[in-house]
Amino acid sequence: MGEQNWAGNLTYRAEAVQEPANLGELVDIVTQTPRVRALGSRHSFSPIADTEGALVSLARMPRQIEIDTDAATARVSAGLRHGDLVPALDAAGFALANLASLPHISVAGAVQTGTHGSGDRIGSLATQVLGVELMTADGEALTLRRGDPEFAGAVVGLGALGIVTHLTLQLEPAYEIAQTVYDGARWDDALARFDAITGAGDSVSLFTTWQDADTIDQVWVKARPGRANADAVLAAGGREADGPRHPVPGVGPEPCTVQGGVPGPWHSRLPHFRLEFTPSAGAELQSEYLIDRRGVPAAIDALRTLAPAIAPLLYVCEVRTMAADTLWLSPAFGRQTVGLHFMWRPDSAGVEALLPRIEDALPESARPHWGKVFTMDADRIRSRYPRWDEFAALRARLDPRAGSPTPTSRASAWPDTQGDRVYVKKT
Ligand SMILES: Cc1cc2nc3c(=O)[nH]c(=O)nc-3n(C[C@H](O)[C@H](O)[C@H](O)COP(=O)(O)OP(=O)(O)OC[C@H]3O[C@@H](n4cnc5c(N)ncnc54)[C@H](O)[C@@H]3O)c2cc1C
């Protein structure tokens, strides 16, 4: 049996997973192997990290976090998991604008697929990126910074442009968040005040099993002090939960971050799940479609119609929001976005038979999450990304088979082979 992804629904075709210990070893692998692709923490359900050649994991590379307190930035090793990164940021008094639902995912893997949390005014995790350091296919260094013409093409790069070795992230002062869960809001009443519901906090998630197509089982509201306003949730029939909840009904809440409105550090409230727990109801699959926010009523109507087919295959569905961005292959490119996420039971055949019905029923703005299971064909996906051709051109330029890249420095000039460090620059 070959190497598998986290969910075990995919066996990578690659003959080996290589684990270089420094940039010199990575250069050797990249230049001596015909086809190489980076592997993150293997949390994608789609074959996006797969290749016929070699997979390269950066898990054994030096773990570097360089915090510039004046600039409020951190330059970090690409293979770090958010769970490794955020305590260091917090200890230095800094935070990220958002996190995904669990902290076990690698920083680069998350960014490369447009991974997101929730928040009307917060972009996907890729929007935190100020700089991308890539090793291109011939072992050269290419650094792109926000403002460079091709930067917006490289951040959500699907692992197709090279190996990201470091990312520079935008920080902000550390903050507290409290999260409160509400049971039993009604869809009709919630759709009538959708903006107020998703604006009830800084980061709001709606969870439903579609067992009852009229009810939103849980609304999770995460807010900075003084910024929660759950009036609309209550007006839609929501009631504050009488104890901690797991998003999947019937599963104990122990893996979940603290609820009940108790404030705590940003990194221990924004993810739904604690780092030390395996965040799963057992084996699972996931799909997600990111739609133009204006299409929410039609999309929810479509899902309510399909609820009898969806519910038997589903653990839970989560609705999240994110701000528009300008990153070419970001599912949130160019429009305020709502994510319709499905956590499926591990029935690949059943899920794959149902997905075309969901994809046909959702508005034309629906873009599948790059790291999750979908059946939409390439032409349809391409037509939903206005900057697709520019990405293809960028990829062709960075792929030596398609022409010579234009590196900014030689491989021999690669810095940072020394080892682990957390460095805080103070003035
Ligand atoms: C339990 C669970 C919860 C999840 N929660 C969320 C969520 O809240 N929000 C959300 O949007 N998604 C979520 N996802 C999806 C997940 O965030 C994405 O699939 C993400 O890409 C996984 O990152 P990874 O590090 O595991 O990357 P992998 O799956 O290993 O790889 C994903 C892609 O990133 C590329 N890549 C990885 N490292 C590098 C690198 N160093 N350089 C270049 N390319 C690289 C790979 O080549 C591949 O194309 C979840 C997945 C799971 C299993």
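The values are calculated or read from the model by the stated rules, or taken from the named source; none is laboratory data. A quick note: this is a predicted structure, and the numbers were derived from the prediction, not measured. Cβ coordinates were reconstructed from backbone atoms using ideal geometry, including for glycine residues, and neighbour counts include every protein chain displayed. These area figures cover heavy atoms from the full protein model, side chains too; ligands, DNA and RNA do not enter into them. Shrake-Rupley method; radii C 1.70, N 1.55, O 1.52, S 1.80 Å.
Brief remarks on what is shown
- Bridge orientation summary for the range 177-382: considering DSSP beta bridges with both residues in this region, about 95 percent are antiparallel.
- Given a 1.4 Å probe and the protein chains as shown, GLU254 ends up with an accessible area of around 110 Å².
- Using a probe of 1.4 angstrom and keeping all protein chains present, the accessible surface of the range 177-382 works out to 37 square angstrom per residue.
- Put simply, the convex hull of the Cα atoms in the chain casts, on average, a shadow of 19.5 nm².
- Computed extension gain for ALA393 through ILE381, at 0.36 nm per residue and net of the alpha carbon distance, reaches 2.6 nm.
- On the chain, 50 percent of the accessible area sits on carbon and sulfur atoms, based on a 1.4 Å probe.
- Net charge of Cβ neighbours under 15 Å - reference LEU102; Lys, Arg +1; Asp, Glu -1: +1
- Overall form of the range 229-327 per C-alpha gyration tensor (a/c, 1.5; a/b vs b/c): rounded
- Distance between the pseudo-spin-label points of THR305 and ASP183 (7 Å out from Cα toward the beta carbon): 3.2 nm.
- Sparsely packed loop sites in the range 10-53 (the trypsin sites (Lys or Arg not before Pro) outside DSSP H, G, I, E and B with at most 12 other Cβ atoms within 10 Å) comprise ARG35.
- Each Cα pair under 8 Å and six or more residues apart adds its sequence gap; the mean of these over the residue count of the range 177-382 is a relative contact order of 22 percent.
- Cα gyration tensor, the range 195-258 - rounded (a/c under 1.5), prolate or oblate: oblate
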